[in-house]
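The values are calculated or read from the model by the stated rules, or taken from the named source; none is laboratory data. As the structure is a prediction and not an experimental result, all values here were calculated from the model. Using ideal geometry, Cβ is built from the backbone for each residue, glycine included, and neighbour counts are taken over all protein chains shown. All accessible areas refer to the heavy atoms of the entire protein, side chains included, with ligands and DNA or RNA removed. Shrake-Rupley method; radii C 1.70, N 1.55, O 1.52, S 1.80 Å.
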Amino acid sequence: MNKDDVETPGRLVTNCQGHLLPDVGFFQQKKEKKDTLELPPPKGQLKAEGLVYAIGGKPIIRGVSFDLEAGQTLGLVGPSGAGKSTLARILTGVVPPHSGILRLDGADIHKWDQNRLGGYIGYLPQDVELFEGTIAMNIARFQKTAMENIIEAASKAGVDGTIGSMPEGYDTQIEERGYNLAGGLRRRIGLARALFGKPQILILDEPDANLDHEGLMSLVQIIKTAHEEETTVVLITHRLQLLQFTHQLLMLKNGQAAMYGPTSQTLPKLLNPQAPQPAAPPVPIGKMSGVGHA
């Protein structure tokens, strides 16, 4: 795939796979938009209406729709290359779809003031990148804040004890992209960064990757706490232990919605696709419309 540039507030971010990098510009949202609306803090309702996205002319997301109430958790599953990570980036509001609308509390997400929107969204990408600076600076998204806010986010991510045991603690210097840290530690610091500031929406792309048992238990608690605090969560994972905490499931195949609905109905089908399903009631010929959807 050719290099694909994606403009994010603050700077142009790109890599050889055309992936959006979660740089400081995403979190601080420096770019001004003239057509933004003055809207109240979001409750977290996310509604996707026929989202389409392509890279280099190749469709990656094909007409995806869903409706997630504020405080609900959506489980996003599908085979490798199905478009899950691309959809996650679209849901941050940074990458606009080529057609279709993503609505936050009923308003087009791109009409929101981007300077404010970043503070309401916590994003953990599939490939976590940290930046040159201290662990504390990375967790705080390079914003000035009280140390207790940083420790609170790290504690929620289950990484406070690990950081505290390091010789320099939160003042530990991170090299470019965080390569001087183990993969599991990078991921948990990235998770703490996503949780920083108590965002109203969490978008977590395979947050269980490279996590040990302790890290997985912390992740389960994060999802439970999100339910209690009515935080909206989009969770990309194949781990049944996590999917059971979701309200809805969306399965992508080739960028399309192959399955979507309440978890109580869709998870059994996902686990046992060969199981016979009850036949749909016959539809009068004169009332058939809108057959088929992505």
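Taking label positions 7 Å along the Cα-Cβ direction at both residue 230 and residue 171, the computed distance is 4.2 nm, reported to one decimal. Max-minus-min Cα coordinates of the range 68-128 on each principal axis give 34, 26, 22 Å, with the largest extent listed first. Residues with beta-carbon under 15 Å from that of residue 45, excluding residue 45: net charge, scoring Lys, Arg +1 and Asp, Glu -1? Cβ neighbours under 15 Å give a net charge of -2. Listed cross-link partners 111/156; 43/269; 144/198 are compared with a 27 Å cut-off, the Cα-Cα value being larger for 111/156; 43/269.
How many angstrom lie between the C-alpha centres of the range 198-258 and the range 75-128? For the range 198-258 versus the range 75-128, the Cα centre distance is 15 Å. Mean projected area of the Cα convex hull of the range 50-205, taken over all directions, amounts to 10.2 nm². Computed over protein heavy atoms with a 1.4 Å probe, the carbon and sulfur contribution to the accessible area of the range 131-255 reaches 46%.
If R0 equals 45 Å, the separation of the Cβ atoms of residue 38 and residue 155 corresponds to a calculated FRET efficiency of about 0.85.
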